[in-house]
Amino acid sequence: MSRPRVTVIGAGIVGVSATAWLQKSDFNVTLVDREPVGHGASFGNAGNVSPGAVVPYTLPGVLRALPGWLLDPEGPLAVRPSALFEVLPWLFAAAKNSTVEAALKTSRAMKALHGGTFEAYDALTLGTDAASLIERSGQLYVSEKPDGAQGSQLARMMREEAGVKVTALSESDIHDIEPALAPIFRSGMLMPDNGRCKNPHHLVQAIAGECERNGATIVRGTVSCFETNGKRVTGVVVDGKVEPVERVVIAAGAASGKLSAKLGARIPVTAERGYHITIEDPGVAPRIPVSHVDAKFVCSPMNMGLRLAGTAEFAGFDAPPNWKRAALLEKQAQRMFPGVKLNKVTRWTGNRPSLPDGLPVLGRAPNYDNAFFAFGNSHFGITAGPVMGKHLAEIVAGRKPGIDITPFSPTRFGR
Ligand SMILES: Cc1cc2nc3c(=O)[nH]c(=O)nc-3n(C[C@H](O)[C@H](O)[C@H](O)COP(=O)(O)OP(=O)(O)OC[C@H]3O[C@@H](n4cnc5c(N)ncnc54)[C@H](O)[C@@H]3O)c2cc1C
């Protein structure tokens, strides 16, 4: 008997992880992407793998900080005037979610999704080229304020409730852990159980390569819409040609909102653009990822050099990059690591798939029995990707997933 078939749209960390887990559940998978594997947000992120990421961005204080950030051209958040009309409803919805009660609910859902990241990666990568790319290295958080590194009282409470291990650090502790850092940091926090990915692009490629060796078909093409019959999706249109499907998964990152709308679902995924610079031969580098808590970016030692990644820009999907945002990261690198050599720097921009309540969508599509959604991991997709894939495979197979997926419901914004 032939194995049941699934078509997965999107070969980022979520799509390739879903493919690998679906294969473990004996599905025959076709993975479709308009770009080469791993060229979306999964290409150029900061590579933080963070089971302890339980503090959402929709915190009460964030709203108060928003005007200041928006007015500061060097601030961590920017909205292009041309995108304001598109972005305002999203920001308004995010504001509604920034109550203490809503943020606590989000935090608990984040723990359920992020907590098992290393175990999920182990299951996917053990014995493959990808295994050496993930390291339980710990992560360092630093602030130029005396009590800034651990964040607000609420953030501390969320970590405590989730049982996340944290060590508070003094100035001299910070220096002992990362002597390369400028002596400008007044407080620090070590999260010893978090870790890093040494090359997110290679990680996605390696998982996809393993899927291919296990029989998955990888197709290059753009999915524009679907063919349906009653409550079933019968085909996906790839480069204008209808390909029949038995089951379909949308894991297309920031583009998933447009695709799920073609199936009648209204899910407010926006493209929250980020930037990185990667410095080859920086001459100086931290050993573990260091997050600048005040300026909201991450410095990650990677196989190809030192990467600084961050900034949140709402510019609309197709606006050209504003490379000034990346240039800002060069300035930050010099401030953080005196003596850093900026001779060989590459720049990149990518779209985080972000929802206004800070949580992704994971589950069956509202209007179709054989369509499934797995997207919207905003700042945490490298952490959540393998766990999303695992639970998605359970859902597609008709089994109960290992976590409560109610907070990730595709219908929580209405039908
Ligand atoms: C600057 C920055 C730093 C970050 N740092 C971290 C971090 O340190 N830790 C962390 O956990 N997360 C981090 N993230 C977030 C993380 O990168 C994303 O959440 C994650 O990569 C999303 O993965 P994805 O598979 O959902 O989407 P993507 O990687 O974007 O993949 C989606 C794929 O779908 C394809 N696609 C889209 N539309 C179509 C279509 N119509 N037809 C066919 N294919 C289509 C795209 O080509 C793409 O390959 C960061 C993000 C940014 C931007």
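The values are calculated or read from the model by the stated rules, or taken from the named source; none is laboratory data. Quantities reported herein were computed from a predicted structural model and do not represent experimental measurements. Cβ placement follows ideal geometry from the backbone for every residue including glycine, while neighbour counts extend to all protein chains displayed. The accessibility values were calculated without ligands, DNA or RNA, using every heavy atom of the protein model including side chains. Shrake-Rupley method; radii C 1.70, N 1.55, O 1.52, S 1.80 Å.
For the range 60-79, how many residues are open to solvent by 30 Å² or more (accessible area, probe 1.4 Å) and not in a helix (DSSP H, G or I)?
Qualifying residue count, the range 60-79: 4.
Identify, from the list 196, 247, the residue that is within 9 Å of the ligand (Cβ to nearest atom), surrounded by 16 or more Cβ atoms within 10 Å (Cβ to Cβ) and modelled with pLDDT of 95 or more.
196
When you look at residue 300, is it under 30 Å from residue 414 (Cα atoms), of a type in the set (Ser, Thr, Tyr) and buried (at least 23 other Cβ atoms within 10 Å of the Cβ), yes or no?
Criteria not met by residue 300.
So if I check each of 216, 208, 265, 312, which one is modelled with pLDDT under 95 and open to solvent by less than 50 Å² (accessible area, probe 1.4 Å)?
Checking each option against the conditions leaves just 312.
Show me the strands (runs of 3 or more DSSP E) found entirely inside the range 91-202 where at least 2 residues are closer than 29 Å to residue 60 by Cα, under 20 Å from the mean Cα position of the chain (by Cα) and of a type outside the set (Gly, Ala, Ser).
Passing ranges, in order: 139-143.
How many residues are touching a strand residue (DSSP E or B) at 6+ places or on another chain (Cβ under 6 Å) and either near the ligand (Cβ under 7 Å from one of its atoms) or under 12 Å from residue 360 (Cα atoms) (or both) when one looks only at the range 252-266?
Matching residues across the range 252-266 total 5.
When you check residue 41 against the structure, is it away from the ligand (no atom under 16 Å from the Cβ), crowded, with 18+ Cβ neighbours inside 10 Å and small (Gly, Ala, Ser), yes or no?
In short, no.
Working only within the range 22-52, note down all residues that are small (Gly, Ala, Ser) and closer than 30 Å to residue 300 by Cα.
Within the range 22-52, 38, 40, 41, 42, 44, 46, 47, 50, 52 qualify.
Report the residue count in the range 219-244 for those that are open to solvent by 50 Å² or more (accessible area, probe 1.4 Å), more than 10 Å from the ligand (Cβ to nearest atom) and closer than 29 Å to residue 354 by Cβ.
Residues in the range 219-244 being open to solvent by 50 Å² or more (accessible area, probe 1.4 Å), more than 10 Å from the ligand (Cβ to nearest atom) and closer than 29 Å to residue 354 by Cβ: 1 in total.
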